[in-house]
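Participant: Have a look at this one before I ask anything.
Where a number appears in this text, it was derived from the coordinates with a stated rule and is not lab data. Given the structure is predicted, the values throughout are model-derived calculations rather than measurements. Every residue, glycine as well, gets a Cβ built from its backbone with ideal geometry; the counts of neighbours run over all protein chains shown.
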């Protein structure tokens, strides 16, 4: 991917439905949500954080289940394992943030550190993992991965689950049940 281009600009240069294009669009949205959370107050801040938390939970789960096994083959097992370890750690931090009061100064401090870690993680994916996946797969494979990624996202948990994070096997085993519970909890909290 060319340096200097935003995530959305990079995604726009890729075929529609390409797994990397979808993930780059999500990276852009995640960055926007961090900015929204930092700039909001009260209930608006909580709502923005809830959206960020849900997107991160779904995004990371889908990456671990769909992208990471392919990345292990194309970018190498060490690269895939490093990204999974980062996601496992991020899941723990996200779970801790979820329990905090968004109006507390400690929340803001932890969110700032978390944002930095998430941005660094995304940069590793964009510079190391995504190019290897794109080089190692056909356009058809990338499109099919994009379809599978979007399907998994519809069924992925919307809250962090540190015990499954970082492990594609654990995500496949616990994800559907955790998702059911999360989506019920989300519906009840809105109603």
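Participant: For residue 77 and residue 148, FRET efficiency with R0 = 22 Å and r from the beta-carbon atoms, rounded to 0.05?
Facilitator: With a Förster radius of 22 Å, E is 0.60.
Participant: Whole number please: convex hull volume per residue, Cα atoms of segment 13-150, in Å³.
Facilitator: For segment 13-150, the hull spanned by Cα atoms encloses 96 Å³ per residue.
Participant: Subtracting the Cα-Cα distance from 0.36 nm times the residue separation, let me have the gained length for residue 139 to residue 95 in nm, one decimal.
Facilitator: Result: 12.2 nm gained on full extension.
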